[in-house]
Structure formats: C-alpha cells, structure tokens
Amino acid sequence: MGTAHNSAKMGDIAETVLLPGDPLRAKFIAETYLEDVVQFNSVRNMFGYTGTYKGKRVSVMGTGMGCPSIGIYTYELIHMFGVKNLIRIGSCGAMHENVKLGDIVMAAGSCTDTNYAHQYKLPGTYTAIATFDLLRKAVDAAEKLQFPYVVGNVLTSDVFYDEEADWKRWKEMGVLAAEMESYALYCNAAKAGVNALAIFTVSDSLVIEEEMTAEERQTGFRNMMEVALEVAIQV
Ligand code: HPA
C-alpha cells in the first residue's frame, strides 16, 4: 500500500535504491542507465523509478534536501516497501584543499549538527557510519574504474548558508566535506538493520576558489553514479 508521500505498491520498488537529492537526477539516471523502466512515484514530484542495470533490478528515487526530507522517504522505503540497500548519491562542499571539485567523497562516517538522533533517546552521541560491505564495494569500483575518490568523515548539516563559518571547527577534526542528508540515512538504516552508504560528488569547495565547468560537473556526477550502480548490482 502507498503512503502519503509515495504511491508505490509493495513490490514496485527494488531491494536496492539509489537516492539522489534531486528528483530530476533520479529521472536522468533512470533514462540514462536503466532498462525496462517503470515510474512508481510522482507524489510531490519526488520521482521514483524501477528498472534493471546489467540485468539486476534497481530503483532510483529523489530524497529532497535535509534530514527531515530524506528521513521520511528512506523510513518509508525501508519499513513500508521492504528496501534493504540504500545508496545516497549526492553533492557536497569540500572542506579540505586536497579534496577537489569532481572528486568522489565516500562517507565512512557522518558527523552532524542536526538533532536527528534525539528520537532514539540514547545516553550519548551516536556515530553514524556506512555499512562496511557497501563501502568496500564502492572503493573497489572506484579503484577499478580509476575515478578519484576519498573516504572519511563528512558533516551532515542543517545549515547551508553557514554565516558563522562553523564548518571550520569540523575541518579541524578532519571532516572532509559538508552535505545535508547522510546522518539521517545512516540512522534510519542502522535502527532498521538494513544497509546504507552515502557517496558524493564534490560540487563546490569551501576552501578553494574554483569553478566547475558544466562538463566537469556532469563527468563528476556520472563517475559517482557508475560507482553506485556497480555497488547496486553486487548486493
Ligand atoms: N554545504 C552543504 N551541503 C552542500 C554543500 C555545502 O557546501 N555543497 C553541496 N551540498
């Protein structure tokens, strides 16, 4: 049965779902990489599609921006639609000079300034981490495809326009990049005992003045999508 946010029926969505923030990127991935595509959702224009990649059934759906939005969609994918492997493919802002535009960042862990884990009433701070098996497969795929990548900690922030430059304190702790969703994804997956991974293309840098050409942007995103699809067919 569908939900208020997703009109799919049980069985319409594959066990493995790629999750870009932008629903039009979900459409692009479905049209570019998948065969035999069926659209399962258009509620709030949060497009979702199921098809096959190299013969394996895979879905792709937008999440929107921020923890509340990805929190809703991924909770429903897991609990109402039986999804077992959730792979976020997003963009991030680099905090380190050695993390370049177009590189892939893989979030081994996510720090956060959000209050998302408050719901679990834990007696301390929850460290949100990727599922190691998915992370290892993503690293192997990036190595094989010879795409530049880094693995480490990211910051999931509620604040995009960071006027106080709070990100600098996260940088001092070795955090590689900022984005806005992976902490909620990792929490939802951990609580439900399913698998999650978040990888990003560096779309901007907080430390280097650099512009990406439209072509570089597209190549960077394609590299990330191909890594995610390679993981998807192995789980
Ligand atoms: N901050 C937060 N999220 C982002 C950024 C950023 O600089 N770039 C892309 N997503």
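The values are calculated or read from the model by the stated rules, or taken from the named source; none is laboratory data. Since we're looking at a predicted model, the values are computed, not measured. Cβ sites come from the backbone with ideal geometry, for glycine too, and all protein chains shown count toward neighbours. Note: accessible area is taken over every heavy atom of the protein model, side chains too, but ligands, DNA and RNA are not part of it. Shrake-Rupley method; radii C 1.70, N 1.55, O 1.52, S 1.80 Å.
Does residue 134 qualify as being open to solvent by less than 10 Å² (accessible area, probe 1.4 Å), under 17 Å from the mean Cα position of the chain (by Cα) and within 16 Å of the ligand (Cβ to nearest atom)? It is false that residue 134 is open to solvent by less than 10 Å² (accessible area, probe 1.4 Å), under 17 Å from the mean Cα position of the chain (by Cα) and within 16 Å of the ligand (Cβ to nearest atom). When the criteria are applied in full, residue 100 fails the requirement of being in a helix (DSSP H, G or I) and out of contact with any Asp or Glu (no Cβ under 7 Å at 6 or more places or on another chain). The set of residues from the stretch 33-75 being in contact with a Phe, Trp or Tyr (Cβ under 9 Å, 6 or more places away or on another chain), hydrophobic (A, V, I, L, M, F, W, C) and not in a loop (DSSP other than H, G, I, E, B) comprises 37, 38, 40, 58, 60, 61, 67. Screening residue 26 with (1) out of contact with any Phe, Trp or Tyr (no Cβ under 7 Å at 6 or more places or on another chain); (2) in a helix (DSSP H, G or I) gives one miss only, at (1). A search for C-beta distances below 7 Å between a residue of the stretch 105-128 that is over 21 Å from residue 167 (Cβ atoms) and any residue that is at pLDDT below 95 and open to solvent by 50 Å² or more (accessible area, probe 1.4 Å), counting only pairs 6+ apart in sequence or on different chains, returns nothing.
Considering the stretch 143-192, the residues that are open to solvent by less than 20 Å² (accessible area, probe 1.4 Å) and part of a loop (DSSP other than H, G, I, E, B) include one that is nearest to the ligand (Cβ to nearest atom), namely 157. Among residues that are open to solvent by less than 60 Å² (accessible area, probe 1.4 Å) and among the charged types (D, E, K, R), residue 31 is not included.
Within the stretch 70-86, is even one residue touching a strand residue (DSSP E or B) at 6+ places or on another chain (Cβ under 9 Å), in contact (Cβ under 8 Å) with a residue 60 or more places away in the chain and closer than 27 Å to residue 215 by Cβ? No, the stretch 70-86 has no match at all.
Going through (1) touching a residue at least 24 places away in the same chain (Cβ under 8 Å); (2) over 18 Å from the mean Cα position of the chain (by Cα) one by one, residue 39 falls short only on (1). Among the residues of the stretch 104-136, just one is outside any strand (DSSP E or B), among the small types (Gly, Ala, Ser) and within 14 Å of residue 228 (Cα to Cα), namely 130.
Residue count for the stretch 193-215 satisfying the condition of being surrounded by fewer than 15 Cβ atoms within 10 Å (Cβ to Cβ) and at pLDDT below 95: 7.
Scan the stretch 68-94 for residues that are surrounded by fewer than 23 Cβ atoms within 10 Å (Cβ to Cβ) and either in contact with a helix residue (DSSP H, G or I) (Cβ under 6 Å, 6 or more places away or on another chain) or modelled with pLDDT under 95 (or both) and the total you get is 3.
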